[in-house]
Ligand SMILES: [Zn+2]
Ligand SMILES: [Zn+2]
């Protein structure tokens, strides 16, 4: 990709990734069920999400997130690439260096961080979503703190706190390992039940 594409200026070149999720623009007959609307600070970058609840939601206290977001910590939610619809596709977006995964994606005008694009998933920042009520916000409630060892402030909220990456580091502070395992078991069980139900509904739809 050429440099001007990275800045979101040149968008005429033929690059296959532009036509794939998460940048593929959904047509009105795609059945993309928009549940949330989001936009960057200046409003040039707009997107919708079709999934009601993120796959995961975390607060990251690492110093990279602190610097990148100029904030004490970062709130991130994980989605499938198919769950997002950028109303202008790849236009108005910029990539940290070039479009090479994993990469950081920002608005090319106001430079608001939009998401981190991984190989399989996207990690987006729910602060950009225009939530309509507290129930919607609750669906994005963070489930854990990671890199809590690098924190600039304490958050005594009873959520699991990992010194580094979750599941790969030590639990500290108000996170008794047994309690955390129990919370996670409960959450996974609920999630499985939900996805089974959704699969059944989809199956039913297909049969109709
Ligand atoms: Zn912007
Ligand atoms: Zn981080």
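The values are calculated or read from the model by the stated rules, or taken from the named source; none is laboratory data. None of the values given here were measured: they were computed from a predicted structure. Heads up, the Cβs are rebuilt from the backbone with ideal geometry, glycines too, and the neighbour counts pull from every protein chain shown.
Matching residues to (1) outside any strand (DSSP E or B); (2) away from ligand 1 (no atom under 15 Å from the Cβ); (3) modelled with pLDDT under 95:
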| site | (1), (2), (3) |
| --- | --- |
| 59 | no, yes, no |
| 64 | yes, yes, yes |
| 68 | yes, yes, yes |
| 72 | yes, yes, no |
| 75 | no, yes, no |
| 100 | yes, yes, yes |
| 104 | no, no, yes |
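Scanning segment 55-68 for residues that are surrounded by 22 or more Cβ atoms within 10 Å (Cβ to Cβ) and in contact with a helix residue (DSSP H, G or I) (Cβ under 8 Å, 6 or more places away or on another chain) yields one hit, 61.
Annotation for segment 83-94: at least one member residue is surrounded by 15 or more Cβ atoms within 10 Å (Cβ to Cβ), out of contact with any helix residue (DSSP H, G or I) (no Cβ under 9 Å at 6 or more places or on another chain) and over 23 Å from residue 51 (Cα atoms).
Which members of segment 117-128 meet the condition of being surrounded by fewer than 20 Cβ atoms within 10 Å (Cβ to Cβ) and not in a loop (DSSP other than H, G, I, E, B)? If you could, list the steps in order and put the result at the bottom.
Residues of segment 117-128 surrounded by fewer than 20 Cβ atoms within 10 Å (Cβ to Cβ): 118-121, 125, 127.
121, 127, listed by residue number.
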